[in-house]
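The values are calculated or read from the model by the stated rules, or taken from the named source; none is laboratory data. It should be emphasised that the depicted structure is a prediction, and the values quoted were computed from it without experimental measurement. All Cβ positions, glycine included, derive from the backbone under ideal geometry; neighbour counts span all protein chains shown. Just the protein is used for accessible areas: all its heavy atoms, side chains included, with ligands, DNA and RNA removed. Shrake-Rupley method; radii C 1.70, N 1.55, O 1.52, S 1.80 Å.
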Amino acid sequence: MSAKYIWYGHGTSGLETGGYKVLIDPFFTDNPAASTTAEAVEADFIVVSHGHGDHIGDAVAVAKRTGALVISNFEITNWLSVQGVEAHPQHIGGGFNHPFGYLKLTHALHGSGLPDGSYGGNPAGLLLTTNDGEKIYLACDTGLFASMKLIGEEGVDLAVLPIGDNFTMGPDDALRAVKMVQPKHVIPAHYNTWPVIEQDPFAWAERVEDETDAKAHVLKPGESFSL
Ligand code: NI
Ligand code: MN
């Protein structure tokens, strides 16, 4: 069975693999780009890449409603546990065999402070190896860093990269990221939520296909791509 990636808008995604629904960075409330709501979305697992409000957003509410286990860094899972949320701590460079696959937290060049001012540890990217052996890399919020090349060496089938600029990589650096990661497929994210991160994803996708071997897929919020 192939993995299905759903883009819910901004940095919020879903992955369906092996019969499990994995919700990543659930930010629906106050997200002008959200294609669904914190009340309607389904999840067996939730992964939070870092502490910023546009990523941890509705994690507590969705976890409490669905009973989903939340996976994040040690600092964020401690913060969630205090609020009565069941959580699994990991950290950068560490992977764990969850029922939906082997999830490794990767380096990300960003911040991670939690909305109430608590320390959110280091931000992470996510590298998932599904039980069928597909590799999916979600860079999450990050600037460009040279060791993306190391992630690429694992053989990435699908990469999801931010292109919004201002808070993360912009289109130029995201194109350089594609050249380092060399994924088979790439999807842009973290753009057009607000004017400050307005970008043309189709122009970017054209550059990707002109200058690399990757296939670029521009999704509308709510649309999905299956490997
Ligand atoms: Ni952020
Ligand atoms: Mn963000």
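Conditions (1) in contact with a helix residue (DSSP H, G or I) (Cβ under 7 Å, 6 or more places away or on another chain); (2) farther than 13 Å from residue 140 by Cα; (3) open to solvent by 10 Å² or more (accessible area, probe 1.4 Å), marked per residue:
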{"site": "19", "(1), (2), (3)": "no, yes, yes"}
{"site": "24", "(1), (2), (3)": "no, no, no"}
{"site": "46", "(1), (2), (3)": "yes, yes, no"}
{"site": "52", "(1), (2), (3)": "no, no, yes"}
{"site": "67", "(1), (2), (3)": "no, yes, yes"}
{"site": "91", "(1), (2), (3)": "yes, yes, yes"}
{"site": "117", "(1), (2), (3)": "no, yes, yes"}
Exercise. Do the conditions hold for residue 180, that is, is it open to solvent by 20 Å² or more (accessible area, probe 1.4 Å) and either touching a helix residue (DSSP H, G or I) at 6+ places or on another chain (Cβ under 8 Å) or within 21 Å of residue 203 (Cα to Cα) (or both)?
Worked result: yes
Problem set entry | Residues within segment 24-56 that are assigned to a helix (DSSP H, G or I), under 19 Å from residue 161 (Cβ atoms) and of a type in the set (Val, Ile, Thr), tallied | 0
For this session: Quickly run through segment 9-23 and pick out the residues that are out of contact with any strand residue (DSSP E or B) (no Cβ under 6 Å at 6 or more places or on another chain) and assigned to a strand (DSSP E or B).
Result: 9, 12, 20, 21
For this session: Would you be able to say whether some residue in segment 100-110 is within 14 Å of ligand 1 (Cβ to nearest atom) and in contact (Cβ under 8 Å) with a residue 40 or more places away in the chain?
Result: yes
Problem set entry | Single residue of segment 205-227 satisfying the filter (touching a strand residue (DSSP E or B) at 6+ places or on another chain (Cβ under 6 Å), assigned to a helix (DSSP H, G or I) and not small (Gly, Ala, Ser)) that is surrounded by the fewest Cβ atoms within 10 Å (Cβ to Cβ) | 209
For this session: Taking the options 142, 129, name whichever one is open to solvent by less than 40 Å² (accessible area, probe 1.4 Å), within 14 Å of residue 22 (Cβ to Cβ) and either in a helix (DSSP H, G or I) or hydroxyl-bearing (Ser, Thr, Tyr) (or both).
Result: 129
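Residue under question is residue 9, and the condition is that it be under 14 Å from the mean Cα position of the chain (by Cα) and either of a type outside the set (A, V, I, L, M) or within 16 Å of ligand 1 (Cβ to nearest atom) (or both); does it hold?
Answer is yes for this residue.
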Problem set entry | Selected residue (only one of 155, 164, 170 is more than 28 Å from residue 29 (Cβ to Cβ), without any contact (Cβ under 8 Å) to a residue 60 or more places away in the chain and either among the small types (Gly, Ala, Ser) or surrounded by fewer than 18 Cβ atoms within 10 Å (Cβ to Cβ) (or both)) | 155
For this session: Working only within segment 145-159, note down all residues that are out of contact with any His (no Cβ under 8 Å at 6 or more places or on another chain) and either part of a loop (DSSP other than H, G, I, E, B) or within 16 Å of ligand 1 (Cβ to nearest atom) (or both).
Result: 146, 153, 154, 155, 156
